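Everything below concerns the one structure shown next.
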Amino acid sequence: MSRLTCNKELLEYELFSSQTGLIAFSTTRKGGCSKGAYATFNCSPYSGDDSAAVLQNLQHLGTLLPTFPVDWVIPHQVHGTSVLDVGQEYADASQDTRREMLEGVDALVTDRPGYCICVSTADCIPLLFYDIQRRVVAVAHAGWRGTVNRIAEKTLNHLEHQYGSRPEDVCVAIGPGISLEAFEVGVEVHEAFLEAGFPMDKVARWYRPSARWHIDLWAANYWLLRQAGVMREHIEVSGVCSYLQCDDFFSARRLGVHSGRTLSGIMLDF
């Protein structure tokens, strides 16, 4: 199961712990230098935090990993399903071009060592992928819109079409995010999942006290992964609710939109 490091600054995944040459993590709120609603370990450059604090936090994050990344690859997410390859074109690009390439992207894939591909979340669900045969990694940002539009499935399809990955060779960690208990939604969100063909008995529940639907994003993404052919034993669900554990993980529903983000990253070591 997922576990915090002894300093409580990172969440690590048991699923990946036995894989040599692989680094995977999600940050917590502990150990950084950011202030206010960004306190303290915000590593997202798109959240409105002071850029100097974000840079310092990323520098600190690098020291917590076995290998300091060649590059932090952090996209500007838009709750879409665009997948970007972090390959030769990205490596050869200028910093300005890289920023353009990362605009509007919600999933990243790479087979290049040293590039730490990341997504930022604060109640949405981070998904971390590793093809154990072809040594390819991917990461995806799955909020309710991304989940409804099957970003997990589209990331797996990209791995298959571009790298020859087979679903049965892919391991996936479902990281910290809002739980069924905390994720109260309007009827329109429930209808979106229903119309998209999700098994509502598995991913939704009617809460009588609030007379509102709740959605289980962990279960919805687990179902997508299993439908796509990922093996049950190759999926790890962190079970960490960012809303209920907002002292340790960022939650936009608790702290507001202008607040910090949990950074989830995966990288092939050299």
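The values are calculated or read from the model by the stated rules, or taken from the named source; none is laboratory data. No experiment lies behind these values; they were computed from the predicted model shown. No Cβ is skipped: glycine too gets one built from the backbone with ideal geometry, and neighbour counts run over all protein chains shown.
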Pairs where the first residue, in segment 217-234, is assigned to a loop (DSSP other than H, G, I, E, B) and the second is charged (D, E, K, R) and at pLDDT 95 or above, C-beta under 8 Å, 6+ apart: 228/153; 229/166; 229/168; 230/168; 231/168
Residues of segment 21-44 classified as buried (at least 19 other Cβ atoms within 10 Å of the Cβ) and assigned to a loop (DSSP other than H, G, I, E, B), total: 8
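Output yes when any residue across segment 167-186 is of a type in the set (D, E, K, R), surrounded by fewer than 23 Cβ atoms within 10 Å (Cβ to Cβ) and over 17 Å from residue 228 (Cα atoms), and no when none is. Let's see the steps before the verdict.
Looking only at segment 167-186, we keep the residues that are of a type in the set (D, E, K, R), and these are 168-169, 181, 184.
From what is left, the residues that are surrounded by fewer than 23 Cβ atoms within 10 Å (Cβ to Cβ) are 168-169, 181, 184.
Of the ones still in play, those that are also over 17 Å from residue 228 (Cα atoms) are 181, 184.
So far as segment 167-186 goes, yes, one or more of its residues are of a type in the set (D, E, K, R), surrounded by fewer than 23 Cβ atoms within 10 Å (Cβ to Cβ) and over 17 Å from residue 228 (Cα atoms).
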Residue satisfying condition, being within 30 Å of residue 9 (Cα to Cα), in a loop (DSSP other than H, G, I, E, B), aliphatic (A, V, I, L, M) and in contact with a strand residue (DSSP E or B) (Cβ under 8 Å, 6 or more places away or on another chain), within set 182, 173: 182
Residue list for segment 7-20, restricted to those being touching a strand residue (DSSP E or B) at 6+ places or on another chain (Cβ under 6 Å), surrounded by fewer than 23 Cβ atoms within 10 Å (Cβ to Cβ) and not in a strand (DSSP E or B): 15, 16
Qualifying residues in segment 243-270 (those that are in contact with a Gly (Cβ under 8 Å, 6 or more places away or on another chain) and under 26 Å from residue 18 (Cα atoms)) - the one modelled with the lowest pLDDT: 270
